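K.L.:
Sending over a structure as structure tokens; questions will come in a sec.
The values are calculated or read from the model by the stated rules, or taken from the named source; none is laboratory data. Here the structure is a predicted model, which means the values were calculated and not measured. When we count neighbours, we look across all protein chains shown, and the Cβ atoms used for this are built from the backbone with ideal geometry, even at glycine.
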Amino acid sequence: MRTVELSTHLAAPPETVWEHVQTPRLLHYVARGMVRFIPRDGPFPERWHVGEFRTWMLLFGFIPIGWQAIGIELPPQSDRRFVVRDNGYGPLIRRWDHWIEITPEHGGTRYVDRVHIAAGVLTPLIRAFARIFYAHRQRRWRKLVDSGFAYRD
């Protein structure tokens, strides 16, 4: 198993960041350009809730790379820290245990993506992809915050 962790500062209050993290709309926005998620069993909910959601994934929006389960868990929250866990898996990646942590920082938010990956012999390749993917997501996050949360490209 390998771990990738990236963090960034977002110039928005943690409560606002948390509200957006809880929506599939944000997932589609921050992943756009690298991975497209297409729900397998009907549309995603308006807001994530505890449960498993299966999705087809398309690399760069058009190369099929199989399905993945998004396993949403909401660990106990505090006044100063919000956390969501995607304890995902699929046939290609046996473990994609993604944690998002949101904490206050200098009038804004410290946003952390941490993922534990197990994909057999593909683990080093998937780990390298995860680094690129989360850097892309965090760039998209900063663009979204800078736009005043206008979901457009």
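K.L.:
Evaluate the following for Arg131: is it out of contact with any helix residue (DSSP H, G or I) (no Cβ under 7 Å at 6 or more places or on another chain), assigned to a helix (DSSP H, G or I) and either free of Cβ contacts under 8 Å to residues at least 24 places away in the same chain or over 20 Å from Phe149 (Cβ atoms) (or both)?
P.N.:
yes
K.L.:
Return the pair list, or none, for Cβ contacts closer than 6 Å from residues in the stretch 134-153 that are at pLDDT 95 or above to residues that are of a type in the set (Gly, Ala, Ser) and not in a helix (DSSP H, G or I), at least 6 apart or on different chains.
P.N.:
Filtered contacts from the stretch 134-153: Val145/Ala11; Val145/Ala12.
K.L.:
Also: Out of the residues in the stretch 67-80 that are touching a strand residue (DSSP E or B) at 6+ places or on another chain (Cβ under 7 Å) and surrounded by fewer than 13 Cβ atoms within 10 Å (Cβ to Cβ), state the one that is farthest from Gly90 (Cα to Cα).
P.N.:
Across the stretch 67-80, the extreme among qualifying residues is Arg80.
K.L.:
What pairs come out if I take residues in the stretch 7-18 that are within 15 Å of Tyr134 (Cβ to Cβ) and in contact (Cβ under 8 Å) with a residue 24 or more places away in the chain and pair them with residues that are part of a helix (DSSP H, G or I) and not aromatic (Phe, Trp, Tyr) whose C-beta lies under 6 Å away, six or more apart or interchain?
P.N.:
Thr8/Gln138; Leu10/Val17; Leu10/Val145
K.L.:
I would also like to ask the following. Please go through the stretch 109-128 and pick out each residue that is touching a helix residue (DSSP H, G or I) at 6+ places or on another chain (Cβ under 8 Å) and not charged (D, E, K, R).
P.N.:
Matches in the stretch 109-128: Thr109, Tyr111, Val115, Ile117, Ala119.
K.L.:
Is it true that some residue in the stretch 32-44 is over 22 Å from Arg140 (Cα atoms), within 16 Å of the chain's Cα centre (by Cα), modelled with pLDDT of 95 or more and not aliphatic (A, V, I, L, M)?
P.N.:
Here is the first cut: in the stretch 32-44, the ones over 22 Å from Arg140 (Cα atoms) are 40-43.
Going one step further and asking which of them are within 16 Å of the chain's Cα centre (by Cα), we end up with none.
No, every residue in the stretch 32-44 fails to be over 22 Å from Arg140 (Cα atoms), within 16 Å of the chain's Cα centre (by Cα), modelled with pLDDT of 95 or more and not aliphatic (A, V, I, L, M).
K.L.:
Would you check if there is a residue in the stretch 86-98 being surrounded by fewer than 20 Cβ atoms within 10 Å (Cβ to Cβ), touching a His at 6+ places or on another chain (Cβ under 6 Å) and farther than 16 Å from Met57 by Cα?
P.N.:
Among the residues of the stretch 86-98, at least one is surrounded by fewer than 20 Cβ atoms within 10 Å (Cβ to Cβ), touching a His at 6+ places or on another chain (Cβ under 6 Å) and farther than 16 Å from Met57 by Cα, which makes the answer yes.
K.L.:
Can you tell me which residue within the stretch 1-60, out of those that are out of contact with any Leu (no Cβ under 9 Å at 6 or more places or on another chain) and among the aromatic types (Phe, Trp, Tyr), is surrounded by the most Cβ atoms within 10 Å (Cβ to Cβ)?
P.N.:
Looking at the filtered set, the residue picked out is Phe53.
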